[in-house]
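The values are calculated or read from the model by the stated rules, or taken from the named source; none is laboratory data. Every value quoted in this text rests on a predicted model; they were computed, and no experiment measured them. Because the Cβ atoms are built from the backbone with ideal geometry, glycine has one as well, and the counts that use them run over all protein chains shown. Please note that ligands, DNA and RNA were not included when accessible areas were found on the heavy atoms of the full protein model with its side chains. Shrake-Rupley method; radii C 1.70, N 1.55, O 1.52, S 1.80 Å.
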Amino acid sequence: MIDIPDKIKDKIFELKFNSDQSVFKITSYFPLTESERNTITSLFNLHDFSEFHSIFTDNVTDEEWNKTKNQIKKRFHNELFDIDSKL
């Protein structure tokens, strides 16, 4: 497995892989910056990769993310479980 820098890994909600273990979709909490996307595509050797998705559409600074990430992750996680229990 490729080691993604913690600063970027922290922003990723989910990595989905093909059966050959190549990445086919990356979902982050908020849109990743161009630099972060470039780092990931370089690490995974994914030159034409474009399947970056985000749960929220707002752009946040690293400072904003660091202040609120624990609350965001916890709230999102709790809401997912609430959805499952209502089905």
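Results, tabulated for the structure shown:
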{"quantity": "Failed item, numbered, when N66 is tested on (1) at pLDDT 90 or above; (2) open to solvent by 70 Å² or more (accessible area, probe 1.4 Å); (3) not in a helix (DSSP H, G or I)", "calculated": "(3)"}
{"quantity": "Residue selected from the range 47-57 under the condition without any contact (Cβ under 8 Å) to a residue 24 or more places away in the chain and not acidic (D, E), by the criterion most open to solvent (accessible area, probe 1.4 Å)", "calculated": "H47"}
{"quantity": "All positions within the range 9-24 that are out of contact with any helix residue (DSSP H, G or I) (no Cβ under 9 Å at 6 or more places or on another chain), among the charged types (D, E, K, R) and not in a helix (DSSP H, G or I)", "calculated": "E14, K16, D20"}
{"quantity": "Some residue of the range 25-45 being in contact with a Lys or Arg (Cβ under 8 Å, 6 or more places away or on another chain), open to solvent by 70 Å² or more (accessible area, probe 1.4 Å) and not in a helix (DSSP H, G or I)", "calculated": "no"}
